[in-house]
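J.: I am attaching a structure below and will ask some questions about it afterwards.
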Amino acid sequence: MRVLLCLAFMFAAAISPNASAQAKPEDAIHYRQSLFRVIVWNWMPMTAMSRGRIPFEAASFAKHSARVAALATQLHEGFPAGSDSGAETEAKAEIWTQSADFASKVKRFETESARLARISKGGDEAAIKVQFAHVGNTCKACHEKYKAD
């Protein structure tokens, strides 16, 4: 897991804003899909804890939420103009035709994820679960409008 996370961060660091503007569409698609895979990897244990499928462990939840918050700050750069084609992608064209709305939804995910990471440090299970639901709603809002089934 640490290797996967390190690779994702190294890949993110290798692609500067200048480089992402010049990257092939396939590279941007791979970048964002990699970010989403790591987000989901961290999201699933938090989901299991919040639904009572596994015991709630505050330290583990805090670790996963911090990772999601860090990755959330990198999502928007994975959708440069022209990266709507060139490889298999579930991103809808509306991401680029309604870019201001899309950017606001990504920013909301970033903000709510950061809030979850802060709340998770306190270990208050009830507060964490409430905020986790808020973050989940930001995911849902974006997926419903901008992700193909």
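The values are calculated or read from the model by the stated rules, or taken from the named source; none is laboratory data. Note that the structure is a prediction, hence the values are computed from the model and not measured. Here the Cβ positions follow ideal geometry from the backbone for every residue, glycine too, while neighbour counts run over all protein chains shown.
J.: Specify which of the listed residues (MET10, MET44) is at pLDDT below 90 and surrounded by fewer than 16 Cβ atoms within 10 Å (Cβ to Cβ).
T.: Working: MET44 fails: at pLDDT below 90.
The unique qualifying residue is MET10.
J.: Tell me which of these ARG115 doesn't satisfy, since it passes every other one: (1) basic (Lys, Arg); (2) farther than 21 Å from SER60 by Cα; (3) free of Cβ contacts under 8 Å to residues at least 24 places away in the same chain.
T.: (2)
J.: Here is a further query. Of all residues in the range 99-126, count the ones that are of a type in the set (A, V, I, L, M, F, W, C), surrounded by 14 or more Cβ atoms within 10 Å (Cβ to Cβ) and closer than 21 Å to GLY52 by Cα.
T.: 3
J.: If you go through the range 74-91 one residue at a time, how many are within 18 Å of the chain's Cα centre (by Cα) and surrounded by fewer than 16 Cβ atoms within 10 Å (Cβ to Cβ)?
T.: 1
J.: I'd like the full set of residues that are of a type in the set (Lys, Arg) and within 18 Å of the chain's Cα centre (by Cα), limited to the range 36-73.
T.: Here is the first cut: in the range 36-73, the residues of a type in the set (Lys, Arg) are 37, 51, 53, 63, 67.
ARG37, LYS63, ARG67 - these are the residues of the range 36-73 that are of a type in the set (Lys, Arg) and within 18 Å of the chain's Cα centre (by Cα).
J.: I would also like to ask the following. Would the range 46-59 turn up any residue that is out of contact with any Pro (no Cβ under 7 Å at 6 or more places or on another chain), touching a residue at least 12 places away in the same chain (Cβ under 8 Å) and closer than 30 Å to GLU26 by Cβ?
T.: Looking for residues that are out of contact with any Pro (no Cβ under 7 Å at 6 or more places or on another chain), touching a residue at least 12 places away in the same chain (Cβ under 8 Å) and closer than 30 Å to GLU26 by Cβ, one finds none in the range 46-59, hence no.
J.: In the range 47-66, which residues are surrounded by 15 or more Cβ atoms within 10 Å (Cβ to Cβ) and more than 21 Å from THR111 (Cα to Cα)?
T.: MET49, PHE56
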